[in-house]
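Quick notes on the structure that follows.
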Amino acid sequence: MSVERELIISKLVGFLTGEISKTEIYEWSLFVAVSRDYEELINNNPLNEKIFQFLIEINKPRNSSASIKIILQYFLECLEGKKVFDPAYFNSLLEDKLPKPTLTSPESQNTKSVSEKKPSALQGILPAINKMYILIFLFCSILLNIFGLLKPDFLVSADEIVPTRLIMLREALPHLFYGAAMLIAILVTVPRVVFYLLFFIATWGMFFYWYSATDFILKNGWSLILLIPLLPIITLPPTLMFLTMLNRWFSQAPQTVREIKK
């Protein structure tokens, strides 16, 4: 069995057992589809071609959770050699014209209950809350720094010297750069090489905000225990962003078929 086939099987099994979400398997298939050697992967291989076409369109309304699992189970059995891929049969499954086959275990008996497993409500709610929390932080950070550039005397007391716009720009640039990069990371599907750059920026941003918060406290002679109330508004969102990017790093596919074979 080729390495790329084993990888596809592992992704399908991961989705069927609930280890990989619909979003993760969609992003993985998209990364493969835009890789340089995608044509090599699907060349003279209608099964691989149909698998990636289906995964890329997995979020379409016509694809119910039950039909997705049934079709992916069929793909899995074809990849494992238990069945011969039949395009006509696949189209019938896609159009929901055949009786639903019983899902069988690809790796263990745990998969037998895949069609009956109901995903926990937290599995859908927590990622959405995390994403919304990070987005609010990024938008507020960007808007606050833009406002500071437009109005340098913002948050400056009467007995303090108003900073120049050049000073404000120097202080705002890291925040604006980080905010724009992380908005791209959250809202846009990017090539793997760009993702590596965004991951580096997310890592830098986490350390930058932790350093900024700690430095602000120490410069004012306060106790480091004040980091606790600053967590939700300064340091926690970049930390969650880093963890989100780290999770995406481990869930991604290799960029090319040649990288898979290495």
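A short reminder: the numbers here are calculations on the coordinates, not readings from a lab. Predicted model only: the values in this text are computed from it and were never measured. Positions of Cβ are backbone-derived with ideal geometry, glycine not excepted, and every protein chain shown enters the neighbour counts.
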Q) Taking a ≥ b ≥ c as the square roots of the eigenvalues of the Cα gyration tensor of segment 9-65, is the shape rounded (a/c under 1.5), prolate (a/b larger than b/c) or oblate? A) prolate
Q: Please arrange LYS50, LYS22, LYS82, LYS219 by counting, for each residue, the other beta carbons lying within 10 Å of its beta carbon, fewest first.
A: LYS219, LYS82, LYS22, LYS50
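Treat the count of other C-beta atoms within 10 Å as a stand-in for reagent exposure and order TRP210, TRP222 from fewest to most. Numbers along the way, then the final one.
Working: TRP210 17, TRP222 11.
In increasing order of surrounding Cβ atoms, one gets TRP222, TRP210.
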Q) Taking the Cα-to-Cβ direction at ASN44 and at ASN220 and moving 7 Å from each Cα, how far apart do the two end points lie in nm? A) 6.9
Q. Among LYS69, LYS151, which comes first, second and so on when ranked by fewest other beta-carbon atoms within 10 Å?
A. LYS151, LYS69
Q: Pull out the extension gain between LEU169 and SER212, defined as 0.36 nm times the separation in residues minus the alpha carbon to alpha carbon distance; nm, one decimal.
A: 13.8 nm
Q) How far is it, in nm, from the label point at ILE184 to the one at THR203 when both lie 7 Å from their Cα along the line to the Cβ? A) 1.8
